[in-house]
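So the structure is just underneath, and the comments pick up after that.
The values are calculated or read from the model by the stated rules, or taken from the named source; none is laboratory data. Just so it is clear, the model here is predicted, and its values are computed rather than measured. With ideal geometry, Cβ positions are generated from the backbone for all residues, glycine too; neighbour counts draw on all protein chains shown. For the accessible areas, the whole protein counts, side chains as well, though only heavy atoms, and no ligand, DNA or RNA atoms are used. Shrake-Rupley method; radii C 1.70, N 1.55, O 1.52, S 1.80 Å.
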Amino acid sequence: MVRYVIYADREQTIAGLENYLREATLERDEWPLVHAYIGTDALPEYLKFVHQNPCLIMLVVAAGSCGREAAKQIRDNNRDARMLWFSDRENGVCSYEIGVTWFGLLPVTRESVAGALDACQIQPPASKCSYSTYYNTVSE
């Protein structure tokens, strides 16, 4: 299972994102669990939910100076989790300074979501898994 936590400044900016995440994650033989927090009023709840939890993927969908400030707060709140940020071109350099795992331009597309998941090392299977077993034998 992969847990995604989305913060978006406006509802319109995440149109399709949840569906793209679900589709791309299922293609990679993982099960997605998606939480979304929308609007600037939701940022404090988002920060509380992701606080120091390295076992999730944080998504930020916000542009402009408000998006930059939200991304900084989110990264400061959780330094260890993977962070994906969809924003405008002006925030590209800032994304590097903040230390995001992946940065992409708005609008969110199916292809950009797939690229973001690849950056998080959530890869589609090359083929169906074949398992090999390792036996540890101890001689007496």
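Cα centroid separation, the stretch 87-103 to the stretch 1-51: 18 Å. In loop segments of the stretch 1-107 as defined by DSSP, the GluC sites (Glu not before Pro) with at most 16 further C-beta atoms inside 10 Å of their C-beta are GLU30.
Rounded to a whole number, what % of the accessible area of the chain do carbon and sulfur atoms account for, probe 1.4 Å? Percent of accessible area from carbon and sulfur atoms in the chain: 50.
Radius of gyration (Cα atoms) of the chain, expressed as a multiple of 2.2 N^0.38 Å: 1.20.
Note on the stretch 42-98: the C-alpha convex hull projects to 3.4 nm² when averaged across all orientations.
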